[in-house]
Amino acid sequence: MATDTQTRESKILILATLSGGYAGADSVGQLHTDYETNTYVLPVVCPAMFSEDFYLRTFERGIDAILVMFSGTDCPYKGGAERTAEIINKTYPMMKERGIDVRRLRLVAICTVCTKPFLKEVQGMNELLEGIGPVLDELQSAPAASSSPN
């Protein structure tokens, strides 16, 4: 008998900057190009506004993958691209500690006219998720993380 996590559709969250990744997603829509319906695009000003904890909580709530899409130069805040990369890099070891496959989180360069790369990233992530399964299964099978004060 299949469990709920085995039968449910995977979920991909895309954090897309307004002037880069979101514009790329919009270009895909304007071309009437189809991509998986399990993809949720959240327009953001700068992904640096999301802490490491945001990503971990998002996975714990059942989002199977997160794509952070922006060109790096489209952030209106000085140092936004560097800060975003720093946050993502700090998140990977935290994911490993919790038994979450780090391939579930990707920082990708998508610009205003990047329709093919946008579609390729979504398709690639869906293919990965078919192979590794739901994040909730990973979290349930991971050994209990040692409790340490934060």
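Where a number appears in this text, it was derived from the coordinates with a stated rule and is not lab data. Everything numeric here is computed off the predicted structure, so don't read it as measured data. Here the Cβ is made from the backbone with ideal geometry for all residues, glycine too, and neighbour counts use every protein chain on show.
Mean separation of Cα pairs under 8 Å and 6 or more residues apart, divided by the residue count, gives the range 10-150 a relative contact order of 34 percent. Computed extension length for Ser51-Lys96: 14.5 nm, one decimal, from 0.36 nm per residue of separation with the Cα-Cα distance subtracted. Sequence-ordered 3J(HN,Hα) estimates for the range 105-122 from the Karplus curve with 6.51, -1.76 and 1.60 and θ = phi - 60° stand at 10, 9, 9, 10, 8, 10, 10, 5, 10, 8, 6, 5, x, 4, 4, 5, 5, 5 Hz, glycine and proline given as x. A crude spin-label estimate for the pair Thr37 and Arg83, with each label 7 Å from Cα along the Cβ direction, gives 3.8 nm.
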